[in-house]
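Before any comments, here is the structure.
Here, each number is a calculation from the coordinates, and none is a lab measurement. Here the structure is a predicted model, which is why all the values come from computation and not from measurement. Neighbour counts are summed over all protein chains in view; Cβ atoms, including those assigned to glycine, are modelled from backbone coordinates with ideal geometry.
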Amino acid sequence: MKRVLTIQDISCLGKCSLTIALPVISALGSETVILPTAVLSTHTMFKNFTCKDLSDQLDPIVEHWKKEGFAFDAIYTGYLGTIDQIDQMKQLFRDFRGKDTIIFVDPVMADNGKLYPAFNMEYVKKNAELCAEADIIVPNITEASFMTGAAYREEHDEAYIKDLLMRLNAFGAKISVLTGVCLEPGKIGVMAYERASDTYFTYQRPRIDAVYHGTGDLFSSTCIGEIMRGVPWRDALKIAAEYTAHTMKVTLQNPAKPWYGVDFEATIPDLLAMK
Ligand code: PXL
C-alpha cells in the first residue's frame, strides 16, 4: 500500500484541508499520514475563528518518525499557517525525500485575485520557494500571479496561461499545473506544463456556476490519491476536475444550501468508479 503524508491545518468545522485530504486519499486506497500545522475552530472564511498554531509540534513529530525509519511515497502540502512552517516543510522534504517520493505542493493562500486573511507578500515569496522544491505544483491563477509577479486576469486567453506556466516552470518543479483555467466561455479546467517532455496538457469541462470553499483541497487530494493508485498524472488531473465539478453539482442540489463546503461524503462512491 502506498503511504502519503499530507501536511495542512485542521479546520474542525468547514470541510477543507485535512478533513478532506484524509478521507479522500484514504478512500483512494493509500495510507494517509497527517501532520496538522494548526487547529482552527473553522476555516478562515468564518468570522471569529480560533487558531492554535502547532509549529512547535512539527519537529518532535518528525524526529520521532525519523527514528522509526518511516518513508513516504508522496508528500502533499496544502494550507500552512506561517512563514516559519514553510521553512520547516523544506527541511521535512529533505528528510523524507526518497528516490521515488512525489512532492506535491498546493500553495494555498489566495483566490479570486485576493490573498486569504492570514497572509501577506512575504508569505507569497516563501510559498514560491516551497514550489521550487516540488515535483508537482497546483496553484490557482491568483496564487500563480502573486508568486510570479504577473498581472492577475480573471478573463484570460491561452497566451496568458502559457506565460504563467512558463514563469511557474522557472521555479523548478517537474510539472506545473494551473487550476481555474477558462479558455472558452462556459468552460473551466486546468492547464499544465511538463518540463521533461516540453509539453502542455489542457483539460476543459463545463463550468458549474457556484463557489464553495474546499474545492481546491478536494481537487488536490483527488489528484495525489489517483496518482498513488497508478493513474498517469494527466488522467489524474482530469478525474480530479471531473470529481470536483460533480461534487459541486451534487452539493447544489442539497436543500440545506451549504455555503462553507461541498458534500464530498455523498460522492466518494462515484469517485471510486471514475476512470
Ligand atoms: O481550502 C483552503 C483552506 C484551508 N484551510 C483553511 C482555510 C482555507 C481557505 O479559506 O481558511 C484554514
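Simple spin-label estimate for Y260 and A118 gives 1.5 nm between the two label positions (7 Å along the Cα-to-Cβ direction from each Cα).
With the simple model of a label 7 Å out from the Cα in the direction of the Cβ, R207 to I34 spans 3.4 nm. Computed over the alpha carbons of the chain, Rg followed by Dmax gives 17.4, 53 Å.
Write down the percent of antiparallel bridges among all DSSP beta bridges whose residues are both part of the range 3-273, to the nearest 5. Once the DSSP bridges in the range 3-273 are tallied, antiparallel ones form about 45 percent. Rounded to the nearest 20 debye, the dipole size of the range 3-273 about its Cα centre is 160 debye, using +1 on the Cβ of Lys and Arg and -1 on the Cβ of Asp and Glu. Across R94, R207, R153, mean-square fluctuation computed from a Gaussian network of the chain (C-alpha pairs under 10 Å connected) peaks at R94. Where a ≥ b ≥ c are the square roots of the eigenvalues of the C-alpha gyration tensor, would you call the range 1-64 rounded, which needs a/c under 1.5, or, failing that, prolate if a/b is larger than b/c, or oblate? Because a/c hits 1.5 or more and a/b fails to exceed b/c, the range 1-64 counts as oblate.
A Förster radius of 22 Å, combined with the Cβ-Cβ distance separating Q253 from R229, puts the computed FRET efficiency at roughly 0.20. With the charge dipole of the range 155-275 set up from +1 on Lys and Arg Cβ and -1 on Asp and Glu Cβ about the Cα centre, the Cα lying farthest toward the positive end among the listed residues W233, A170, S220 is that of W233.
In terms of packing, defined here as the mean over residues of other Cβ atoms within 10 angstrom, the peptides 9-21, 134-146, 100-112, 252-264 line up highest first as 134-146, 9-21, 100-112, 252-264.
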